[in-house]
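Here it is, the structure in full.
The values are calculated or read from the model by the stated rules, or taken from the named source; none is laboratory data. Given the structure is predicted, the values throughout are model-derived calculations rather than measurements. Every residue, glycine as well, gets a Cβ built from its backbone with ideal geometry; the counts of neighbours run over all protein chains shown.
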Amino acid sequence: MPASSALEPAPAADVGRVDFDEFVAARSGALLRTAYLLTRDHHLAEDLLQTALTKAWFAWGRTHGNPEAYVRKILLNTYTSWWRRRWNGEDATEHLPESGVGDRTDAVDAGHDLWEAMGRLPRRQRAVVVLRYVEDLTEAQTAELMGCSVGTVKSQASKALAKLRIDPALETHEPTTTEGEAR
C-alpha cells in the first residue's frame, strides 16, 4: 500500500490540536489583557494565561460551542486559587528600605491613577469590574464565569464603583472660582 497522502483527513487528535492552536493564536491577546487586569503584573499575567491554556489544552475536547468562555472560566478560577493561597502579610526586615527622591513626574498622574485605585479593590470586586466594564461581559456572563449569582455580580460591581468614586487616586482637582467668576 502507498504511504498516506496529504489529501487524507488528519486524525481526530491532530484536528483538536489544530483547533486549539488556532484559538490560541486568535484569542491569546485578549486573554492576556484580562489576565493582566486581574493580576496587575505582566509576568504574573503571562504565567496565569499559560497555566489556564495548559489546563484548557487537556480539556479541549469538552469545549463545545464557545471555547473562549470555557478558557476565561479556567483563567478566573486559576486566578482565584492563586490569591487564596498567597500570603498577603508583611515581611519583617532589619532596616527600612530607603525611599528614593522622585523626579516629580509622578505628581502629574497621581490624581488620576486608575491602576492604583483598582489595586486597592478586593480581588473579587476587581474581577467583576474587569469582566463587566473592561471585557464588556453581561451580568449573566460574569456571574457564570465567577460561579456566583447575578445579584452577587451586581452587588460586587456596586460596591467596587462606590469605592472607586471615593478613592483618593481618582480625585479630580477642579479649579476653584470666586463668587464673581461663577456667573
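Which of the residues belonging to the range 132-169 are in contact (Cβ under 8 Å) with a residue 60 or more places away in the chain and in a helix (DSSP H, G or I)?
Passing the criteria: 134, 141, 144, 145, 146.
Please work out if residue 65 is closer than 30 Å to residue 21 by Cβ, modelled with pLDDT of 65 or more and touching a helix residue (DSSP H, G or I) at 6+ places or on another chain (Cβ under 7 Å).
Answer is no for this residue.
Determine if the range 119-129 includes at least one residue that is surrounded by 10 or more Cβ atoms within 10 Å (Cβ to Cβ), among the polar types (S, T, N, Q), modelled with pLDDT of 90 or more and assigned to a loop (DSSP other than H, G, I, E, B).
Within the range 119-129, the first condition is being surrounded by 10 or more Cβ atoms within 10 Å (Cβ to Cβ), and the residues that meet it are 119-129.
Okay, now just the ones that are also among the polar types (S, T, N, Q), so 125.
Now restrict to residues that are modelled with pLDDT of 90 or more: 125.
With assigned to a loop (DSSP other than H, G, I, E, B) added as a condition, the list becomes none.
For the range 119-129, residues surrounded by 10 or more Cβ atoms within 10 Å (Cβ to Cβ), among the polar types (S, T, N, Q), modelled with pLDDT of 90 or more and assigned to a loop (DSSP other than H, G, I, E, B): absent.
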